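To start, the structure under review is shown below, and the notes come after it.
The values are calculated or read from the model by the stated rules, or taken from the named source; none is laboratory data. Keep in mind it's a predicted model, so treat the numbers as computed, not measured. Every residue, glycine as well, gets a Cβ built from its backbone with ideal geometry; the counts of neighbours run over all protein chains shown. When the accessible area is computed, the model is the full protein with side chains, heavy atoms only, and any ligands, DNA or RNA have been set aside. Shrake-Rupley method; radii C 1.70, N 1.55, O 1.52, S 1.80 Å.
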Amino acid sequence: MKTIGIIAALPQEIAELLEKMGSQMTQQTIGMRTFYIGEIQGKKCVIVLARIGKVAASATCTTLIQTFGVTEIIFTGLAGAVSQAVNIGDIVIGTEFCQHDMNAEPLFPRHEIPLLGRDVFQSDAALNRQLQRSTEQFLSGESQFSLVRMIAPTAIADFGLKDIKIHHGLILSGDQFISSDEAVGELQQRFPTALCTEMEGAAIAQVCYEYGVPFAVLRVISDKANHSASHDFGRFLNEVAAFVSSGVLLNYLGNE
């Protein structure tokens, strides 16, 4: 039987999923993290809050694999847009991942992970297709777990969520919250095809590559990663992103 590992960086992003696990859920604390074990829609799941940053994400991912024997991993959370084609409310399904702050020069080329000989890691194509379908269900309203059923009309209007787009491509990760036009411009210069930036995805990608575990990453765009990022972040997380992440994942688990 499959065991699906679900990771988020912030508690709001897993609250709905934990509620769906119900009273049969069990808990196990390892390495200062609580792992919630149970079933959602008949699928065995282990859900955990990774906290923020690459080290936290790596430690959490490793425990899921080694201790709980998960057969696939889905990471969900917020991100800041890097590409001008990506807007607040859009959803990014990562196909490639790179640590933009990795630099072991002159021993290794910039961005290359030492001793692995690569700077970019790919997610699992089959899982990405499943996430695409689940996201389309969330946006179209054909599921009980959909945007119009889970998010308040005022939030939909205020954040302009009537034309959400799904993007596939490169996600950048680094241990810094990108919040200036200058920082975004520098990333665009180094990574012209990058869609968004966050603090965990590429670390998850590296661990899953080393262990041979399929994974996928779903990111909801909360801000433009510029000077407005800190202003937009809190309200978007609580009123929108938490429900987008849980809605898409509930569809995903129902489709499995």
Once the Cβ-Cβ distance between Ile166 and Met32 is put in as r, and R0 is 25 Å, what FRET efficiency do you end up with, to the nearest 0.05? 0.10
What is the calculated FRET efficiency for Ala125 to Thr71, with r their C-beta to C-beta distance and R₀ = 25 Å, to the nearest 0.05? 0.95
Cβ charges +1 (Lys, Arg) and -1 (Asp, Glu), total dipole of the chain, debye: 580
Given the -39500 (n - 2.57) contribution per DSSP H run of 4+ residues, what per-residue ellipticity at 222 nm results for the chain, rounded to the nearest 500 deg cm²/dmol? -10500 deg cm²/dmol
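Whenever you get a sec, compute what percent of the accessible area on the chain sits on carbon and sulfur atoms (1.4 Å probe).
Numbers: 5590 of 10850 Å².
That share works out to 52 percent.
For the chain, what is the number of Lys pairs with C-alpha distance below 14 angstrom, counting only pairs 8 or more positions apart or on separate chains?
4
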For the chain, percent of DSSP beta bridges that are antiparallel (nearest 5) comes out at 40
Rolling a 1.4 Å sphere over the protein heavy atoms, what is the accessible area per residue of the range 1-156, to the nearest Å²? 45
